[in-house]
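A.B. asks: I have a structure here, written as structure tokens, and I will follow up with some questions on it.
The values are calculated or read from the model by the stated rules, or taken from the named source; none is laboratory data. None of these values were measured; they are calculated from a predicted model. Positions of Cβ are generated from backbone atoms using ideal geometry, with glycine treated the same way; all protein chains shown enter the neighbour counts.
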Amino acid sequence: MRYALITGSGGLIGSEAVSFLASKDYTIIGIDNNMRATYFGKEASTSWNIERLQERYKKQYLHYNVDIRKEKAIYEIFQKYSFEIIIHTAGQPSHDWSATNPITDFAVNANGTLIMLEGLRKYSPNASFIFTSTNKVYGDLVNYLPYIELEKRYELPQEHIYYDGLPESISIDQSLHTVFGVSKIAADVMVQEYGRFFGLNTSVFRSGCLTGHNHSSSQAHGFLAYLVKCVMTEKTYTINGYKGKQVRDNLHAYDLVNMFWSFHENPKKGAVYNVGGSRYSNISILEAISKIEELSQKKGLISYIEKPRVGDHQWYISSINKFQSDYPEWKYTYDIDRILEDIYKHGHFK
């Protein structure tokens, strides 16, 4: 029997990975203790998604309600199964929450990842280890680029070196990251070190906005899915600064999990990739509101706060040139219009 381990299995990326690996005839061990409900409240609970996975995949999906900070419990799982692939998506994902809960944030993101890496090293050293990092490791350096203000978005001049997207070579030093960004940096660098120092097949995927219809979104996390939810349920969506012209690239969970699979089929040691929608799939908040209103034929209720969130990016489009160079067979399947249609038709709006 072939085993895969997925942490955060009830979340957007984790649940997509469960579905994908189930189609590859893996038995999936899912770890998720629904801490999203602790971070963001009941509307962000992943319990509905965990129940869906258990019902759909029966014995092929085995769920463990375990906290990744609990070393003994995690090692017991590693000792019970021999894993071919480990996808580590569990974590605390919010800037705002981390600022008021820095010890818990660091323990989950950094210490929890270290425990997972030790499980890999001690018990499944031949497995592929895939870590979902974040573009927030680069901090606010990207806010000092020479942006041009257009009608509904900020943009870089076409001749700018980063016009096609931001690469992995940007410094992670001497910038404001937020507490969340720092805890993810610690985990990010440790994943690299376990690849380079111990010779394990580890990878870091630094993502921008990840999205899809299985997102348990909230005001503090999951901007695109939450914006669709607000329009559909006639709830006010609050824009924080930048006139709503801040730009994000958006990558569908299905496309990201296919990136993971490409890595697994030809793994490397301590690999780092920026991943996102790139120029293929990006949008500003104002542009997204217009598209969602057109899809739903509903008018969004919008409020505006002048001050941006601390450390928030004014513009972020990823360069995926490095990943595509290493894995040229991988292709996008979701552009921004297909992503919005997917969320609108199949999203979780409770």
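A.B. asks: Asp164: closer than 21 Å to Asn321 by Cβ and within 24 Å of the chain's Cα centre (by Cα), yes or no?
C.D. replies: Criteria met by Asp164.
A.B. asks: Follow-up. Taking only pairs six or more apart or across chains, which ones have beta-carbon atoms under 7 Å, a first residue in region 321-350 that is touching a residue at least 40 places away in the same chain (Cβ under 8 Å), and a second residue that is of a type in the set (A, V, I, L, M) and surrounded by fewer than 15 Cβ atoms within 10 Å (Cβ to Cβ)?
C.D. replies: Filtered contacts from region 321-350: no entries.
A.B. asks: Taking region 59-95 as the region of interest, how many residues are farther than 19 Å from Ala186 by Cβ and either at pLDDT below 95 or among the acidic types (Asp, Glu) (or both)?
C.D. replies: Total meeting the criteria: 3.
A.B. asks: Suppose we filter Leu210, Leu200 for residues that are surrounded by fewer than 24 Cβ atoms within 10 Å (Cβ to Cβ), touching a residue at least 40 places away in the same chain (Cβ under 8 Å) and in contact with a Gly (Cβ under 9 Å, 6 or more places away or on another chain); which single one remains?
C.D. replies: When all the criteria are applied, what remains is Leu200.
A.B. asks: Are there helices (runs of 4 or more DSSP H) fully within region 78-158 with at least 2 residues that are among the small types (Gly, Ala, Ser) and touching a Phe, Trp or Tyr at 6+ places or on another chain (Cβ under 7 Å)? List them.
C.D. replies: In region 78-158, no matching helices (runs of 4 or more DSSP H) lie anywhere.
A.B. asks: If you scan region 300-332, which residues turn out to be touching an Asp or Glu at 6+ places or on another chain (Cβ under 6 Å) and either exposed (fewer than 14 other Cβ atoms within 10 Å of the Cβ) or aliphatic (A, V, I, L, M) (or both)?
C.D. replies: Answer for region 300-332, where residues must be touching an Asp or Glu at 6+ places or on another chain (Cβ under 6 Å) and either exposed (fewer than 14 other Cβ atoms within 10 Å of the Cβ) or aliphatic (A, V, I, L, M) (or both): just Ile317.
A.B. asks: Taking only pairs six or more apart or across chains, which ones have beta-carbon atoms under 6 Å, a first residue in region 293-311 that is closer than 11 Å to Val231 by Cα, and a second residue that is surrounded by 13 or more Cβ atoms within 10 Å (Cβ to Cβ) and of a type outside the set (D, E, K, R)?
C.D. replies: Filtered contacts from region 293-311: Glu293/Gly300; Leu295/Tyr344; Ser296/Val231; Lys298/Val231; Gly300/Val231; Gly300/Ile289; Ile302/Tyr237.
A.B. asks: Name, by its number, the condition in (1) touching a strand residue (DSSP E or B) at 6+ places or on another chain (Cβ under 7 Å); (2) surrounded by fewer than 17 Cβ atoms within 10 Å (Cβ to Cβ) that does not hold for Ile87.
C.D. replies: Failed condition: (2).
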